[in-house]
Structures are given as structure tokens and as C-alpha cells.
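Asker: The structure that follows is given in the form of C-alpha cells.
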Amino acid sequence: MSLEGRLEDLSLPDIFQIVSLSKRSGILVLIRKEGTGRVVFNRGRVLYASVDNKSRLGYTLVRKGIITNEDLENALRTQKAGGFKKPLGTILIEADVLTPKVLEEEIRRHIVEVIHDLLKWEEGSFHFELGAPSEDDVVLESGLNT
């Protein structure tokens, strides 16, 4: 399934519905002059979302006081040393800085915040790249229903 076009012609809720109902896995990339958004799907469920103008998950965890700036810096150094193969959340859990439950709750909140922002996009282009999510993607076990 190849899906690409302009948000002026096919809205984001419609795209989500198509991906969800067809239970597809892949990455939806949204592009506009103000930035880029990315939504990772597995069998029609949202596993992760990011957008340029939203704070990254690690910085959000620091801002909320869940981890310290030093914890984040150490985890980022570890991630960089490993060639960015391991998700930041996994590194923080392995360092006993964060529990899996807290990480999952924060990822869910982060996804909802990003999707809320993306739903405001009325202009731009999109393309959906079919494929199973890689181990490198930050993912939720079950994903979120669109």
C-alpha cells in the first residue's frame, strides 16, 4: 500500500483511519515548511510520534523532574557510543533511572501531545512508508488506538 499526497486533499484523520482499518505497519511522514512530523504504526496502532517543534521525550522527562539533566546527558552519551541503536528510554531503564511503567506513561502522554499538534496541520505533504517498526524506534508494547 503506497499512500502519499497533500494534506489539503486528504486530512490527517482520514489518513489515520485508512492506516488503522487496513492494520498497516510503517511510518507516516508529514512535511510542511514549518517542520516535519513522524508517526510510527504497527498493525494500525500508533507506537510513537514526533514533530520538530515539540520537545524530545528526554527533555520532557527532565522538564517534568522525572529524570535529572545529568541522567539525560549520561544516557545520550551511552546512546551515541552505541551508534544510536538503542532507544533512549531503554537506556534510562537499564540505568535504573526510570521504570518501564513510568516510561510507557510518559511515551503515551508524549504521543497524544504530538498527535494533537499534528491534527492542526491543514497544509503540507505526506507519505506512508510500509514496513515493520525497527528495534531502533521508541515503541509502546501495545500501541495506541487511532
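Asker: Answer with a single label: of [x] 17.9; [y] 17.4; [z] 15.9, which was calculated as Kirkwood radius over Cα pairs in Å from the structure in view?
Answerer: [z]
Asker: Normalising by the residue count of region 26-146, find the relative contact order in percent from Cα pairs under 8 Å and 6+ residues apart. Each step should come with its number before you reach the end.
Answerer: On the way: 159 pairs, mean separation 51.4, N = 121.
Result for region 26-146 is 42 percent.
Asker: Need one number: convex hull volume per residue for region 27-96, Cα atoms only, in Å³.
Answerer: Dividing the Cα hull volume of region 27-96 by its residues yields 119 Å³.
Asker: Which angle from 0 to 90°, rounded to the nearest 10, does the C-alpha axis of helix 12-21 make with the longest principal axis of the chain?
Answerer: 80
Asker: For Ser11, tell me the accessible area in Å² from a 1.4 Å probe, rounded to the nearest 10.
Answerer: In the full protein context, Ser11 sits at about 40 Å².
Asker: With all protein chains present, how much of the accessible area of the chain (probe radius 1.4 Å) comes from carbon and sulfur, to the nearest whole percent?
Answerer: That share works out to 49 percent.
Asker: Could you report the accessible area of Asp9 in Å², rounded to 10, computed with a 1.4 Å probe on the protein chains as they sit in the structure?
Answerer: Using a 1.4 Å probe on the heavy atoms, I get roughly 130 Å².
The values are calculated or read from the model by the stated rules, or taken from the named source; none is laboratory data. Since this is a predicted model, take the numbers as computed values, not measurements. These accessible areas exclude ligands, DNA and RNA; they are computed on the full protein's heavy atoms, side chains included. Shrake-Rupley method; radii C 1.70, N 1.55, O 1.52, S 1.80 Å.
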